[in-house]
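A short worksheet on the structure shown next.
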Amino acid sequence: MEAAGASGDELSALRARVAALEAEKAAAPPPHHRVRSFFSALLIVIGCVLVPLGIVSTWTADLVGDTDRYVQTVKPLASDPDIQAAVATRVTNAVMEHIDLPSLLEGVAPDQRPLAAKALGKLGGSLQSAVASFVHERTQDVVASPAFETIWTDANRAVHTSLDRALTGSDEGAVKIETNTVTIDLAPVIDRVKQRLVESGLDVAAKIPEIHTDFTVVKSEDIGKVKTGFALLQAMGVWLPVIAILLVAGGVLLAVKRRRTLVAAALGVAFAAIVLGVALTVFRTVYLNALPANVSPGAASSIYDTLIRFLRTSVRVYAALGILIALAAWLSGPSRPAVLVRGLWHSGITATRATADHAGMRLGPVGPFVRRYRTWITWILVAGAAAAVVFWPHPTAWVIVGITLVLVFVLAVVAFLAEEPAEAAPAARPPAESPPSAPA
């Protein structure tokens, strides 16, 4: 009896061991699955690494390769207070360098010299500071006028080629950038200031000679070290982000668990975009701290923020798109919270349809048609939303959110139309059996 019991225990242990080995074998992924998972992860990682470079390449192609886009980008700077203050200071200094007060006053009639000196003296301080203050006030009037916006726009359109060569190192054409600096000639502004001075009663301003002075927009001493990179990014243009997205999509299609991989890949794209946004903020601090003492920090920060404005917009677009795709993929999964959300969605649609049916709403042949082709309709709507994102000219994060909300609303309408009518439910159920009658 004891031998039989021991043999039975050994047999049970052996069976348990065999069952455990079979469970381990079933849990372990096949070798070809491990290879697919490796290459899937590799493609997704490479795609996510290329996402920031793709964003920058698109920005570079827009800013450097499109004059109208560049002018549209820098146009708001004309009304920026820091830029106006910096331009007013630069013009005032340039004008004052060419004003010789004693010689200018010699041109005034002897009987008018005391009046001119007295009028200038009322502005406060010495005659030199009084004239400088007077010139600065007139200059501020000019840079705050609509005429300055026109001058600024025309000048930036003219220097766009210089910006191209400063960033990419191109030497094509007659003009060459020797100092890696893009500047705007403020001579038209100075002419306007001279006219304002004459109109304000300072006739001696008409004797000021023609003055050419520059206002620096981009000084690329550091950018010059990476000109080859800028030129390469400009050449890649919109193709680099397309390659990045295709690599990520290929990694998702190659994965064994595609839904989970799609969630991770979408979050990876969003994270890569956010990293670029953080890098832009860090570089801004480094750039401003490295400015010379004679450069206005306010004007420099305004120029930097304006030039990368659309770059930051692209960062927000990729981050929002990645998060929304990850959320959609997660909601379609089997997790308990996702199932709960889908259940609440379906319950809301069902209750709304039941209320509409009880109120007398009839859909006729529309309901059966939508129920029959609901899958096709859903994919067409999703494809249409994706096409809207792709072909929208320079979308913003709010555009992405708006397209998503519209898609959700339209899908809710489709679900409403595809819902079975409220009166169909009782008809589908078998009639309840009547209780047996009591015997007589």
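The values are calculated or read from the model by the stated rules, or taken from the named source; none is laboratory data. Keep in mind the model is a prediction, meaning the values are calculated, not measured. Cβ coordinates were reconstructed from backbone atoms using ideal geometry, including for glycine residues, and neighbour counts include every protein chain displayed.
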Practice task
Working only within segment 336-352, note down all residues that are surrounded by 13 or more Cβ atoms within 10 Å (Cβ to Cβ) and among the small types (Gly, Ala, Ser).
Solution key: Ala338, Gly348
Exercise for the section: Assess whether Ser296 counts as being surrounded by 14 or more Cβ atoms within 10 Å (Cβ to Cβ), hydroxyl-bearing (Ser, Thr, Tyr) and at pLDDT 85 or above. Expected result: no
Completion exercise
Screening Ser220, Ser170 for residues that are at pLDDT below 75, within 27 Å of the chain's Cα centre (by Cα) and not β-branched (Val, Ile, Thr) leaves only Ser220
Practice task
Check segment 206-216 and report whether any residue there is at pLDDT below 75, over 30 Å from Val389 (Cα atoms), surrounded by fewer than 16 Cβ atoms within 10 Å (Cβ to Cβ) and in contact with a strand residue (DSSP E or B) (Cβ under 6 Å, 6 or more places away or on another chain).
Solution key: yes
Exercise for the section: Pull up segment 356-377, narrow it to residues that are surrounded by 13 or more Cβ atoms within 10 Å (Cβ to Cβ) and of a type in the set (Val, Ile, Thr), then point me to the one that is modelled with the highest pLDDT. Expected result: Ile377
Problem - Selected residue (criterion: nearest to Leu267 (Cα to Cα)) from residues of segment 327-341 that are more than 25 Å from the chain's Cα centre (by Cα) and assigned to a helix (DSSP H, G or I) - result: Leu331
Handout entry: Count - residues of segment 269-293 that are buried (at least 17 other Cβ atoms within 10 Å of the Cβ) and of a type in the set (Val, Ile, Thr)
Key = 2
Practice task
Looking only at segment 307-335, count how many residues are touching a Lys or Arg at 6+ places or on another chain (Cβ under 9 Å) and not hydrophobic (A, V, I, L, M, F, W, C).
Solution key: 3
Exercise for the section: Please tell me if His394 is modelled with pLDDT under 90, surrounded by 10 or more Cβ atoms within 10 Å (Cβ to Cβ) and at positive phi. Expected result: yes
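Of the residues Ile400, Ile380, which is surrounded by fewer than 14 Cβ atoms within 10 Å (Cβ to Cβ) and not aromatic (Phe, Trp, Tyr)?
Numbers: Ile400 fails: surrounded by fewer than 14 Cβ atoms within 10 Å (Cβ to Cβ).
Just one listed residue meets the conditions, Ile380.
Please verify whether Leu163 is assigned to a helix (DSSP H, G or I), crowded, with 22+ Cβ neighbours inside 10 Å and modelled with pLDDT under 80, treating the condition exactly as stated. Spell out how you get there, then give the answer.
On the way: assigned to a helix (DSSP H, G or I): yes; crowded, with 22+ Cβ neighbours inside 10 Å: no; modelled with pLDDT under 80: yes.
In short, no.
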Practice task
Could you tell me whether segment 128-148 includes any residue that is among the acidic types (Asp, Glu), under 22 Å from Pro188 (Cα atoms) and at pLDDT below 80?
Solution key: no
Exercise for the section: Check whether at least one residue in segment 263-284 is more than 21 Å from the chain's Cα centre (by Cα), under 30 Å from Val35 (Cα atoms) and either in a helix (DSSP H, G or I) or of a type in the set (D, E, K, R) (or both), and report yes or no. Expected result: yes
Exercise for the section: Please name all residue pairs, on different chains or six or more residues apart, with Cβ atoms under 6 Å, provided the first residue is in segment 179-196 and is under 19 Å from Leu307 (Cβ atoms) and surrounded by 22 or more Cβ atoms within 10 Å (Cβ to Cβ) and the second residue is modelled with pLDDT of 70 or more and of a type in the set (Gly, Ala, Ser). Expected result: Ile184/Ala155
Exercise for the section: Scan segment 304-348 residue by residue and report those that are modelled with pLDDT under 90, out of contact with any Ser or Thr (no Cβ under 7 Å at 6 or more places or on another chain) and over 29 Å from Ala418 (Cα atoms). Expected result: Tyr304, Asp305, Ile308, Leu311
Handout entry: Selected residue (only one of Leu344, Leu324 is of a type in the set (A, V, I, L, M) and under 26 Å from the mean Cα position of the chain (by Cα))
Key = Leu324
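Here is a yes/no grid of residues against (1) modelled with pLDDT of 80 or more; (2) polar (S, T, N, Q); (3) within 30 Å of Arg192 (Cβ to Cβ):
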{"site": "Val35", "(1), (2), (3)": "yes, no, no"}
{"site": "Leu50", "(1), (2), (3)": "yes, no, no"}
{"site": "Thr58", "(1), (2), (3)": "yes, yes, no"}
{"site": "Asp66", "(1), (2), (3)": "no, no, yes"}
{"site": "Val71", "(1), (2), (3)": "yes, no, yes"}
{"site": "Ala85", "(1), (2), (3)": "yes, no, yes"}
{"site": "Thr92", "(1), (2), (3)": "yes, yes, yes"}
